[in-house]
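Heads up, the thing below is written out as structure tokens.
The values are calculated or read from the model by the stated rules, or taken from the named source; none is laboratory data. Nothing here was measured: the structure is a model prediction, and the numbers come from that model. A quick note on method: Cβ atoms are made from the backbone with ideal geometry, for glycine too, and the neighbour counts reach across all protein chains shown. Note: areas computed on protein heavy atoms with side chains; ligands, DNA, RNA excluded. Shrake-Rupley method; radii C 1.70, N 1.55, O 1.52, S 1.80 Å.
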Amino acid sequence: METPHYLLDGQYEITTVAFEPRMSLWVYSPVIRERATGYVVLDLTSGLWDLRRVNERLGRILLMLARFPESDREYVVEVAPAEAIAIVEGEAYPLSALEAALNARSPSG
């Protein structure tokens, strides 16, 4: 997924940074930015989190992520930018702690 997505009435832009951990195998790590200010709300480019799909629901950005090399297990993350939280499997985390929370759930984390 390399095309930017604009969600929540265009307030947020989701882009990806491509990384090739193995020959011809790409991981697209997401970055969420507030468009008005350029503020980076979430940046998962330091890990091996691959953005599979993105959507929105009830004021939240829904990310479907998989961790390389666990391509068969997807994690649904609800990002609530206005509240600066992310919800993973029913548990809320500050956005700054999201990557650590995802890594703790992942067998290869």
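Looking at the structure I just gave you, is TYR12 open to solvent by less than 80 Å² (accessible area, probe 1.4 Å), modelled with pLDDT under 95 and either within 16 Å of VAL76 (Cα to Cα) or not acidic (Asp, Glu) (or both)?
No; evaluated as a whole, the condition is false for this residue.
Residues TYR6, TYR39: which one is under 15 Å from the mean Cα position of the chain (by Cα) and hydroxyl-bearing (Ser, Thr, Tyr)?
Sole residue among the options that is under 15 Å from the mean Cα position of the chain (by Cα) and hydroxyl-bearing (Ser, Thr, Tyr): TYR6.
Just for strands (runs of 3 or more DSSP E) wholly inside the chain: which have at least 1 residues that are in contact (Cβ under 8 Å) with a residue 40 or more places away in the chain?
Hits in the chain: 5-7, 12-22, 25-34, 40-43, 49-57, 60-67, 74-80, 85-88.
Counting only residues that are modelled with pLDDT of 95 or more and of a type in the set (Val, Ile, Thr), which one in region 31-59 is nearest to LEU95 (Cα to Cα)?
Of everything passing the filter in region 31-59, VAL41 is nearest to LEU95 (Cα to Cα).
For region 60-75, name all the residues that are open to solvent by 20 Å² or more (accessible area, probe 1.4 Å), farther than 15 Å from ALA104 by Cβ and either in contact with a Gly (Cβ under 7 Å, 6 or more places away or on another chain) or modelled with pLDDT under 95 (or both).
PHE68, PRO69, SER71, ASP72, GLU74
Which of the residues that make up region 6-36 are over 20 Å from LEU102 (Cα atoms) and among the hydroxyl-bearing types (Ser, Thr, Tyr)?
Listed by number, the residues that qualify are TYR6, TYR12, SER24.
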